[in-house]
Each structure stands twice: as C-alpha cells, then as structure tokens.
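The values are calculated or read from the model by the stated rules, or taken from the named source; none is laboratory data. Note that this is a predicted model, so its numbers are computed, not measured. So basically every Cβ, Gly included, is an ideal-geometry build from the backbone, and we count neighbours across all protein chains shown. Ligands, DNA and RNA are stripped out before the accessible areas are found, and what is left, the full protein with its side chains, is counted by its heavy atoms. Shrake-Rupley method; radii C 1.70, N 1.55, O 1.52, S 1.80 Å.
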Amino acid sequence: MWKQTTDREFGIIHPKLFRSNVCRSRVSSIHLSNCKEIVSSHRGSVNSLQVDLTEGRYLLAGASDATVAVYDIQRPTEHEDGNAMAKHKSLFVVSKQHEHGHHFAVSSAIWYPIDTGLFVTGSYDHHVNVWDTNTTQRVVGFNLPGKVYRIAMSSVATSHMLVATGTEDVQVRLCDIASGAFSHTLSGHRDGVMSLEWSTSSEWVLITGGCDGAIRFWDIRKAGCFQVLDQSQTQLGHRPPLLVHPKTEKKSSSTGLSSTGKPRAKLKRLNNRNTEKFQPSARSTSQMKHIKQRSHPGMSSIHDRATGHYGRVTGLKMTEDGMHLLSAGSDSRLRLWDMDSGCNTLVNFEATRLQGSKPIQMAMTQDSDLAFVPCLVSVKAFSLWYGQAMATFRAHYENVNCCCYSVLDQELYSGGNDWEILIWSPTTLSCTDSSLDEGKNAKATIDQDNWSD
C-alpha cells in the first residue's frame with residue numbers, strides 16, 4: 001500500500017485507479033467491527049436496511065415488530081471502555097404507538113433517493129407510507145390489496161417519483177408520491193411478487209421477481225413486460241444448423257433432385273395437394289384478423305411461462321453500470337444475467353443455502369466485484385464474475401434477512417432474526433484514535449438534525 005501511495009504522489013498511478021485499489025484492499029479486510037456498535041431499538045427480526053444515497057450517514061432500518069428506526073453511523077451517541085467502543089443509538093423510532101404507525105411487520109424501508117427529508121415504508125398491514133423525517137409524520141399513504149413484500153424507488157429517476165410495490169397480489173403497482181394515487185398496474189405474474197429492482201441505467205425499466213419463478217422486465221411507458229428471463233437460455237446459445245455445401249446444391253439442382261434425393265415434381269404436386277386440402281376459408285381468416293386486432297399488446301407476455309428459478313425469486317440486485325443482474329431464489333441458486341441479451345451467464349456460484357420463505361436483501365460493492373448474500377445464519381461475499389465465496393461473515397445467532405453496503409466507509413451492515421444490526425468494517429490502524437477524535441468533535445459542536453427540508 002505504501003508503494004502505491006508513493007506512486008500516486010509522483011503521478012505514476014491515476015487517481016481513480018488508486019482509489020479503487022484502496023477500496024478493494026479495505027473490502028478484503030472486512031471483519032466484525034470492534035470499535036463501532038449499533039444499539040438496536042427493535043424487538044423483532046430486522047427485515048430491511050439502507051444507507052442514504054446523498055450523505056452516506058443515516059441508516060434506515062425496518063423490523064417485524066412494526067418499528068422503523070434511523071441511526072447516525074458517522075457520529076456515535078456515546079462511548080464505552082475508555083472511548084474504545086463507539087455506540088450508535090437510534091435518532092428516532094416510529095412504532096405501533098404512533099398515530100399512523102404500521103400495525104404489522106415492516107418488510108421494507110427505503111430512503112427517498114435525492115435527499116434524506118423523506119423515507120418510505122412497506123408493511124404486512126397492506127400499507128405503504130411516506131414519512132417526513134423532520135416531523136416523523138406520515139405525508140402520503142397507500143392502501144394495497146395484500147401484504148407488501150418489497151418496495152423500491154429509482155436512484156436515477158428525474159422525471160417521476162414512483163414507488164414500485166411488490167405484494168402477495170399478482171399485480172405490481174406503482175405509487176405516485178406527487179399525486180398520492182396509483183399511476184400504473186403491471187400484470188403478468190401468476191403469483192405474488194417478492195422482489196423488485198429498478199434499472200441503474202434507465203429510469204423507465206423495472207425488474208420484478210415473483211413467487212412463480214419468473215423475472216420480468218417492464219418499460220413503464222408501455223403495456224406489458226418486454227422480456228422474461230429464461231434460465232435455459234444461456235450465452236452459449238443453440239447449436240447452429242449445418243450448412244449445405246454449394247457444390248452439392250448445384251449438383252442436386254442439375255439432376256433435378258432435391259437435397260433429400262426425391263424428384264422435385266412429386267414434391268410440388270404433394271405440396272399443391274396439401275395447400276388445396278388445408279387452405280383456410282375467407283371467413284376463418286377474417287376471424288383470425290379480428291382476434292389479432294382485439295389482443296392487448298401486453299397479452300403475449302402473460303402467456304410466456306419462462307422461469308429464472310425453480311421456485312420463488314427472493315432477491316434481485318443490479319450492478320452499478322446496469323449491465324448485469326444477480327438473482328437469488330428459493331431453490332438456493334444464485335444466477336448472474338446479462339442485461340443486454342437477457343441470457344444466463346452460467347457463472348457457477350458455490351453451493352450454499354438460502355432461505356426461501358421471505359425475501360432477502362443483497363448488496364454489492366461499488367465496482368461490483370463482490371456480492372454480499374445472506375445465507376441463513378451467515379453472510380457470504382461472492383466474486384460476482386467467478387462465483388467463488390471469498391469470505392464468510394458469521395456473528396448472528398439466527399437467520400440473516402438483509403445486508404447493506406456503505407460506499408463511503410466500505411462497511412457492511414447486516415440484520416437478522418436475532419433483532420441485531422451488526423457492523424462489518426475494514427481493518428484500521430488507529431480505530432481508537434479516530435473514535436476519540438469523533439467524541440471530542442461531538443462534545444465541541446452539538447450536531448442537530450441535518451434533514452433536508
């Protein structure tokens with residue numbers, strides 16, 4: 001590392017390359033943090049975690065006890081063991097006792113992409129609520145026909161404020177925060193929708209994974225889905241047909257024989273007989289044209305029964321450049337898809353066990369080299385391009401439901417059924433010194449809420 005620092009000082013290494021090398025070395029040394037701890041305010045399994053996309057400072061968590069909490073992961077609230085352990089307590093908690101609080105488990109909680117002034121929660125009580133962070137009051141509420149499994153907002157959207165909702169109903173509904181109403185209803189799945197993911201390269205493309213095993217691509221400006229991923233369609237493709245040599249083709253034409261060796265005249269007579277025998281009437285052709293005209297543009301996608309997994313699709317995660325998609329299923333399989341062709345890349349991920357009864361939240365590093373996947377009581381870091389398990393993080397006592405990666409600090413956060421939120425941070429030489437400096441700064445200047453208005 002010191003050699004790279006010297007090379008950067010003399011301008012031998014490009015700044016972006018130097019930054020990526022430093023981040024990669026920090027990620028490779030991730031372990032359970034011994035200087036930072038989150039004091040969980042939840043009394044149930046933690047189902048959702050997300051660090052805000054603007055400052056990388058506030059962690060939003062949703063749990064099965066119907067609570068939603070926000071933690072400041074940059075400034076600790078107190079120190080223990082002679083300033084060696086920095087404890088981060090929740091800044092506020094929205095519970096059942098709140099006037100508009102959820103009554104059942106909070107399955108998903110996300111930040112508004114462009115600032116921390118709003119956050120959105122989805123619950124098993126069939127409601128999706130939009131909250132004001134400053135006042136902790138509900139701004140907009142949506143009532144859905146079933147349990148809400150997952151919600152998502154596009155991080156690159158500039159033309160809409162839509163919240164995609166996946167429920168136990170077969171339809172995917174898009175909630176418009178600006179109008180407070182449903183703007184779209186996407187039909188095509190044959191069972192509930194457990195996972196959602198917006199494209200990172202287009203604000204109009206939504207990807208959904210259902211309990212029917214299908215992974216569908218939607219352009220919300222058009223009717224019906226435009227692509228369904230098929231696990232049997234790979235980048236190897238089908239075997240091309242054998243081409244007939246031009247010399248043999250000429251020879252057969254000169255002798256008056258076809259490639260099968262039969263006279264062409266007989267084949268023509270047979271073809272004429274068949275066409276005369278099975279020629280459709282004018283009435284039947286008009287009926288077929290009428291049916292084609294009446295068919296909805298999205299009806300063809302409903303009849304496409306291709307599946308991406310043998311079972312429920314429990315998790316979806318797209319790479320930063322929007323070129324690949326990682327999917328997880330109840331069949332305990334991880335698959336990497338090429339977004340351009342829609343083919344299975346056949347990356348052989350190491351055998352692992354994934355829970356299939358509820359959705360899981362996966363995470364990726366900024367360069368998309370590593371994917372963090374909850375695997376029962378542990379979190380495994382897989383090489384996205386080779387499928388090898390590079391590291392296994394074990395500290396939870398029960399199943400892990402979600403994990404979230406902080407690009408700013410190269411830290412990983414995981415939540416599980418043991419009610420705990422754990423921090424996995426890279427090795428630092430002066431961990432106690434940095435926490436001590438943070439404590440002094442916290443005492444010198446009291447930092448009030450920095451929510452954007």
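Annotations
- Taking the stretch 131-204 as the region of interest, the strands (runs of 3 or more DSSP E) fully inside it that hold 2 or more residues being polar (S, T, N, Q) and farther than 25 Å from Val93 by Cα are 181-186.
- Scanning the stretch 359-402 for residues that are of a type outside the set (A, V, I, L, M), under 20 Å from Gly416 (Cβ atoms) and open to solvent by less than 30 Å² (accessible area, probe 1.4 Å) returns Pro359, Phe372, Pro374, Cys375, Ser378, Phe382, Phe393, His396, Asn401, Cys402.
- Looking only at residues in the stretch 144-175 that are polar (S, T, N, Q) and crowded, with 17+ Cβ neighbours inside 10 Å, the one that is nearest to Glu197 (Cα to Cα) is Ser154.
- Check on Lys3, open to solvent by 50 Å² or more (accessible area, probe 1.4 Å), closer than 22 Å to Asp409 by Cβ, among the basic types (Lys, Arg) and at pLDDT below 75: no
- Matching residues, the stretch 147-174, being more than 21 Å from Cys211 (Cβ to Cβ) and in contact with a Leu (Cβ under 9 Å, 6 or more places away or on another chain): Met153, Ser154, Ser155, His160, Leu162
- Residue check for Ala178: at negative phi, among the aliphatic types (A, V, I, L, M) and open to solvent by 30 Å² or more (accessible area, probe 1.4 Å): yes
- For the stretch 320-341, the set of residues classified as of a type outside the set (Lys, Arg), more than 18 Å from Asn399 (Cβ to Cβ) and crowded, with 19+ Cβ neighbours inside 10 Å consists of His324, Leu325, Leu326, Ser327, Leu336, Trp337, Met339, listed by residue number.
- Within the stretch 310-319, being open to solvent by 10 Å² or more (accessible area, probe 1.4 Å) and farther than 13 Å from Thr208 by Cα holds for Tyr310, Gly311.
- If you go through the stretch 91-112 and keep only what is surrounded by 20 or more Cβ atoms within 10 Å (Cβ to Cβ) and under 16 Å from Val46 (Cα atoms), you end up with Val94, His102, Ala105, Val106, Ser107, Ser108, Ala109, Ile110.
- Criterion applied to Gly62, Gly44, Gly122, Gly141 was being open to solvent by 10 Å² or more (accessible area, probe 1.4 Å) and small (Gly, Ala, Ser), and the one residue passing it is Gly141.
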